[in-house]
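The structure appears right after this line, and notes come after that.
The values are calculated or read from the model by the stated rules, or taken from the named source; none is laboratory data. Source: prediction; values computed, not measured. Because the Cβ atoms are built from the backbone with ideal geometry, glycine has one as well, and the counts that use them run over all protein chains shown. These area figures cover heavy atoms from the full protein model, side chains too; ligands, DNA and RNA do not enter into them. Shrake-Rupley method; radii C 1.70, N 1.55, O 1.52, S 1.80 Å.
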Amino acid sequence: MQAPFFKSLRGKTTLAYTFVTALGLSLIIMFLMVIGLVFYRSSQLNGNEYFSDALIITNSKASQYLHSKNDNPASLQSWLENYVANGHASLEPVNAFDAGAAIIQPDADALIIDAQYKILAAFCPQKACAIGSTYKPDEKSYEDKSVKTAFLGMGEPIEHYYQRDMQGHYRIAIPIMAKDGTEIKAVVLLTLLPEQPRKIENLMPYTPLVVAVILLLMVLTIPFGALFGWMVSGGFSRRMKKLSQAADAWDAGNLDTFPMDKSNDEVGILTRKLRGMAERTQTALQSQQQLAAVEERNRLARELHDTVKQQNFATLMQIRAASKMIAKDPVQAGSYLAEAERLLKSSQEELGSLINELKPVQMNGIGLGTAIRQFCEDWSKQNRIPVEVEISNAFGVGLDREQSLYRIMQEAFSNIARHAHASQVKLKLTYEPTFVDMVIQDNGEGFTAEDEAIRGYGLNNMKQRAEELYGQILINSQPGQGTALRVVLPLPANRKA
């Protein structure tokens, strides 16, 4: 049954590409918006535009009023006071990106003077300003320079019409043209505040447009990301599936499965490395199996030579001696035949032990504990030696460990039968959470380290089996005091009891 699309590798990869596309686009949009807001908040339009608006608007309004109210100084004074009270020397911005309205400083002097510097109208909240008196500009603030520029007309650079004072305000001189436009009739002196920073709230009317653009980008790019992910993930999914199937086969012990991937990306390189590792592992296992088979044949040859062959030769010698003595001394001939019978029986027992070792371990369905009990029962009947078996907390430890423990037990009991001359054997098998422990103890003759080096005592095979599973074998033996053999095999941390 095929897995649901979004539970498959291709579905997950497609979803990942879609998510990454949406996330990447969202991050880009957010980054651009933050940059735009910071730039909008901190940046100002050209300051000259701010003052140019004040210059043009104030010139237009004052020029119209002066032309119509020239004969009424009181009306001119009233216009100036109202203009300052209005607070702005230019129009309000028409959009969020327009220059802000020029703000008139309410507590600063505002004057209108003619070409002879005579004060035509004055608004002086902090000092007396006599209308009709002569205006004296402050030379320290370079105000005189701005006033002279204003009387030259509107053709000078805008920055020549204003000067910044010590408080950071701007004193601006605005020329008022005569009705015929041939000369400057008067100059208006105002103090303006610096241009105010823009407010984020000014951008609120553009929010629907921005949201619409973002949604349009999402609608256009997310399907593209999904399509691209679906196309790219198709081949990637098939390659990863083959690699996963090969890994499952290797885990099951089948190293004949070799995935093929000739691409030069990371997956292809990894596949070829894993293929090479599997091939080398298979070669090493085959070599190890061949070497183990050769070693086992050599061991069996030594066992047959040292036991059965020697005993058969001795039996043959006893039978020959009996045939020679049967006519002369029947009693002596009978003793030779009795010894021959004993030797044949011993050979039979040796062959039985070797046959048991060659038999495959049959534990499927019965477990290691049952297999050990059956073996000990058969061995005890065959060798007429009682065996006491104790098994605690049994659980499955894996076929490889169970077979190794079983073979080590076979070897140990074979050695007891051949060399120990014991009258009793005890076997204790204990299962712990992190290891399994097997102790085999007999009350036989025991042996020394020199005896072990000379006779071998079958211990090398047992040690090799234990070491292959990262275990160890401990032996405690003294002549005349029996032998205790202990096998400890560690269990994997993720075992399932």
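In the full protein assembly as shown, how much of Thr434 is accessible to a 1.4 Å probe, in Å² to the nearest 10?
In the full protein context, Thr434 sits at about 90 Å².
At 7 Å along Cα-to-Cβ for each site, give me the label-to-label distance between Lys242 and Lys273 in nm.
The answer from the label model is 1.9 nm.
So if R0 is 30 Å, what FRET efficiency would Asn476 and Thr434 give, r being the distance between their Cβ atoms, rounded to the nearest 0.05?
With a Förster radius of 30 Å, E is 0.85.
For Gly100, which sequence-distant residues (separation of 5 or more, or a different chain) have an amide H within less than 5 Å of its own amide H, given hydrogens modelled in the peptide plane?
none
State in Å² the accessible area per residue of the range 375-424; use a 1.4 Å probe, count heavy atoms of protein chains only, and round to the nearest integer. It would help to have the intermediate numbers written out before the result.
Numbers: 2290 Å² over 50 residues.
Accessible surface, normalised per residue, equals 46 Å².
Under 5 Å between amide hydrogens, which residues at least 5 positions from Ala186 or on another chain qualify, with H placed 1.01 Å from N in the peptide plane?
Ile176
List, in order, the whole-Hz ³J(HN,Hα) value for each residue of the range 74-79 obtained from phi through the Karplus relation with A = 6.51, B = -1.76, C = 1.60 and θ = phi - 60°; use x for Gly and Pro.
Rounded to whole hertz, the list is 5, 5, 5, 5, 5, 4.
So for the pair Ser392, Leu304, with labels modelled 7 Å out along Cα→Cβ, what separation do we get in nm?
Distance between label points: 4.3 nm.
Of Tyr336, Tyr406, Tyr470, Tyr50, which has the most accessible area with a 1.4 Å probe, and how do the rest follow in descending order? Write out the running numbers ahead of the final one.
On the way: Tyr336 65, Tyr406 30, Tyr470 195, Tyr50 5 Å².
Accessible-area ranking of Tyr336, Tyr406, Tyr470, Tyr50, largest first: Tyr470, Tyr336, Tyr406, Tyr50.
First measure r as the distance between the Cβ atoms of Gln464 and Asp329, then evaluate 1/(1 + (r/R0)^6) with R0 = 60 Å and state the FRET efficiency to the nearest 0.05. Kindly include the intermediate steps, with their values, before the conclusion.
On the way: r = 52 Å, r/R0 = 0.86.
Plugging the Cβ-Cβ distance into 1/(1 + (r/R0)^6) gives 0.70.
Set the Förster radius R0 to 35 Å, insert the Cβ-Cβ distance between Cys124 and Thr182 as r into 1/(1 + (r/R0)^6), and round the FRET efficiency to 0.05.
0.65
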